[in-house]
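Below is one structure, written out as structure tokens, with a few remarks after it.
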Amino acid sequence: MTLHPPLQVNSQRLLGDIDSLGGIGVDENGERTRPSFSPQYQEAVEWLIDRMRAAGLRTRIDAVGNVIGRMGPDNGPIVMTGSHIDTVRNGGPLDGSYGVLAGVEVAHILSENKLELAAPLEVVAFADEEGAYLSLFGSRALAGGLAAAEIETSRNWQGTSLFEAMDAYGFDPERYREAAYPAGAIQKFVELHIEQGPVLDTQGQDIGIVNGIVGMRNLNFRFLGKSNHAGTTPMDMRQDALRAAAEFITRAYTRFEEEGEQTARLTFGAIHVKPNMGNVIAREAAVRLDCRDLDDDRTAKIVDQLESIARQVALHYGIDADVEYLSHDRAAILAPDIMEEIGRAAEGLGLTSMVMPSGAGHDTQVMARICKAGMIFVPSSNGLSHHPDEWTDPQQLIKGANVLLHTMASFLMAKKMQPQAATR
Ligand SMILES: [Zn+2]
């Protein structure tokens, strides 16, 4: 039995920090836009460094712009937490920022209570997670998985290359390898984030224990027929690519539903038609597929089935079909022992939780390649994110931060966490 209440984050301070950071990079129209390597981002970085120092962290900015605060012993494998403080255009106040600020708050609580750490703690804000130039840039550099060519070829929407942007901000892009940690330097990484989907909110759960970040395949299914006059070509003498594409989409969704898929996500979100004119039979229709699941074998199986449906449909209409493989990101499986620790922390705090995958990409998927990684979700009101109305009940934000605090403390301290005043 514990006589003393468990440690809690300082909710006023954390919510105040979220408010303050949320106010940086807001333009005259009220839109929050803070892409990495912008003046607005720079302002946020300087503010964050102050907050990190106030929390008792020693700070540095690495070779690619990751902001890192550290406390605890000088040596030994690091326990790391963090996320990102860059935003999409007109983004919300919580995506990324919440996880970074909760990490800083965890550090603040540990230092205020003068708790001795058995392992070094690092709190990180990764550069360009949102991919203004290159998605997951900072974590990929830190994990050592970046090629020099990517820095030269990645450009923002205005055409500025990542190389030029880094150079303009006083970084030497050629030294990006210096950001990479040696193998084994980091033992664990935990990221706290809003869910950005409706599951926790709908199910009334406090905490999501993320078991993995889904893999994603992007493909183009192309149907190739023949253009002809819409008025003079009899219906039974057409090679209509768009009609074939329409049937393909319908049959694909129907098959997917018949198979009772629970976890996979299938989306045909774009279609390109040539010549795309109202009075001409389409000679080409290309349909874009986005297919995601935590199980890479399952997405492979779904893609196989769709290819066979595309062939059948093309055959039926006497036209050709081909498939273009655009991208394939493998799923990241998160560490079971970190999941257990998150579950224990939630239970100890009297919170409800559920295990779930992340359908969106995060720095955690990169960190999972070099260390044990885990992720904590809190509910997103109405599942809304990448949007200015992104919102989470402040009480839920505090609950999530407390779960992060207790999870991190269990990794950072040899014995059970108690305020120093409570130990004899
Ligand atoms: Zn994010």
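Could you please give the count of residues in the range 18-32 that are surrounded by fewer than 18 Cβ atoms within 10 Å (Cβ to Cβ) and either hydrophobic (A, V, I, L, M, F, W, C) or at pLDDT 95 or above (or both)?
Looking only at that region, the number is 4.
Listed here are the residues, each with its yes/no results for (1) over 25 Å from A143 (Cα atoms); (2) open to solvent by 10 Å² or more (accessible area, probe 1.4 Å); (3) not assigned by TED's automatic domain parsing to the domain that holds A183.
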{"position": "I309", "(1), (2), (3)": "yes, no, yes"}
{"position": "D322", "(1), (2), (3)": "yes, yes, yes"}
{"position": "D337", "(1), (2), (3)": "no, yes, no"}
{"position": "M354", "(1), (2), (3)": "yes, yes, no"}
{"position": "E390", "(1), (2), (3)": "yes, no, no"}
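Residue-by-condition table, conditions (1) at pLDDT below 95; (2) farther than 24 Å from C291 by Cα; (3) in contact with a Ser or Thr (Cβ under 9 Å, 6 or more places away or on another chain):
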site	(1), (2), (3)
M367	no, no, yes
F377	no, no, yes
W391	yes, yes, yes
Q395	no, yes, yes
T407	no, yes, yes
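Could you list, ordered by first residue, the pairs with Cβ atoms under 6 Å in which the first is in the range 335-349 and within 15 Å of G400 (Cβ to Cβ) and the second is in a helix (DSSP H, G or I), at least 6 apart or interchain?
From the range 335-349, the pairs are E341/T407; E341/S410; I342/T407; A345/V403; A345/H406; A345/T407; A346/V403; L349/N402.
Residues of the range 350-372 being more than 21 Å from V403 (Cβ to Cβ), more than 16 Å from the ligand (Cβ to nearest atom) and aliphatic (A, V, I, L, M), which ones?
Hit for the range 350-372 is I370, nothing else.
Only one of these conditions is not met by G82: (1) within 12 Å of the ligand (Cβ to nearest atom); (2) under 27 Å from G30 (Cβ atoms). Which number is it?
Only one criterion is unmet by G82, namely (2).
For R51, all conditions in the list (1) under 23 Å from T407 (Cα atoms); (2) more than 16 Å from the ligand (Cβ to nearest atom); (3) touching a strand residue (DSSP E or B) at 6+ places or on another chain (Cβ under 6 Å); (4) in a helix (DSSP H, G or I) hold save one; what is the number of the exception?
Unmet for R51, out of (1) under 23 Å from T407 (Cα atoms); (2) more than 16 Å from the ligand (Cβ to nearest atom); (3) touching a strand residue (DSSP E or B) at 6+ places or on another chain (Cβ under 6 Å); (4) in a helix (DSSP H, G or I): (3).
Applying the selection to the range 181-205, what residues are away from the ligand (no atom under 15 Å from the Cβ), surrounded by 15 or more Cβ atoms within 10 Å (Cβ to Cβ) and not aromatic (F, W, Y)?
Answer for the range 181-205, where residues must be away from the ligand (no atom under 15 Å from the Cβ), surrounded by 15 or more Cβ atoms within 10 Å (Cβ to Cβ) and not aromatic (F, W, Y): A185, I186, Q187, K188, V199, L200, D201, Q205.
Of all residues in the range 60-84, how many are of a type outside the set (D, E, K, R), touching a Lys or Arg at 6+ places or on another chain (Cβ under 6 Å) and either open to solvent by less than 10 Å² (accessible area, probe 1.4 Å) or not in a loop (DSSP other than H, G, I, E, B) (or both)?
Residues in the range 60-84 being of a type outside the set (D, E, K, R), touching a Lys or Arg at 6+ places or on another chain (Cβ under 6 Å) and either open to solvent by less than 10 Å² (accessible area, probe 1.4 Å) or not in a loop (DSSP other than H, G, I, E, B) (or both): 2 in total.
Kindly list, by first and then second residue, each pair from a residue in the range 266-291 that is open to solvent by 50 Å² or more (accessible area, probe 1.4 Å) to a residue that is hydroxyl-bearing (S, T, Y), limited to pairs with Cβ atoms under 9 Å and residues at least 6 apart or on different chains.
As it stands, the answer is K274/S227; M277/S227; R283/S227; R288/T267, since those pairs meet every condition given.
So, G131, is that one away from the ligand (no atom under 16 Å from the Cβ) and either surrounded by fewer than 22 Cβ atoms within 10 Å (Cβ to Cβ) or modelled with pLDDT under 95 (or both) or not?
No.
Out of the range 232-242, which residues are of a type outside the set (D, E), open to solvent by less than 70 Å² (accessible area, probe 1.4 Å) and not in a helix (DSSP H, G or I)?
T233, P234, R238, Q239
Considering only residues that are open to solvent by 20 Å² or more (accessible area, probe 1.4 Å) and more than 20 Å from the chain's Cα centre (by Cα), which ones fall in the range 85-116?
Answer for the range 85-116, where residues must be open to solvent by 20 Å² or more (accessible area, probe 1.4 Å) and more than 20 Å from the chain's Cα centre (by Cα): H108, S111, E112, N113, K114, L115, E116.
Quick check on this structure: which one of I342, I302 is more than 28 Å from G22 (Cβ to Cβ), more than 16 Å from the ligand (Cβ to nearest atom) and in contact with a strand residue (DSSP E or B) (Cβ under 6 Å, 6 or more places away or on another chain)?
It is I302.
Would you mind listing the helices (runs of 4 or more DSSP H) fully within the range 115-223 where at least 2 residues are touching a strand residue (DSSP E or B) at 6+ places or on another chain (Cβ under 9 Å) and outside the structural domain of L384 (by TED's automatic domain parsing)?
Because the criterion is at least 2 residues that are touching a strand residue (DSSP E or B) at 6+ places or on another chain (Cβ under 9 Å) and outside the structural domain of L384 (by TED's automatic domain parsing), no helices (runs of 4 or more DSSP H) in the range 115-223 meet it.
Which ranges mark the strands (runs of 3 or more DSSP E) fully within the range 243-329 that have 3 or more residues being in contact with a Gly (Cβ under 9 Å, 6 or more places away or on another chain)?
In the range 243-329, 284-293, 320-329 are the strands (runs of 3 or more DSSP E) which contain 3 or more residues that are in contact with a Gly (Cβ under 9 Å, 6 or more places away or on another chain).
Counting only residues that are open to solvent by 50 Å² or more (accessible area, probe 1.4 Å) and either in contact with an Asp or Glu (Cβ under 6 Å, 6 or more places away or on another chain) or hydroxyl-bearing (S, T, Y) (or both), how many does the range 144-163 have?
Count: 2.
The values are calculated or read from the model by the stated rules, or taken from the named source; none is laboratory data. As the structure is a prediction and not an experimental result, all values here were calculated from the model. Positions of Cβ are generated from backbone atoms using ideal geometry, with glycine treated the same way; all protein chains shown enter the neighbour counts. We work out accessible area using only protein heavy atoms, side chains counted, and drop any ligands, DNA or RNA first. Shrake-Rupley method; radii C 1.70, N 1.55, O 1.52, S 1.80 Å.
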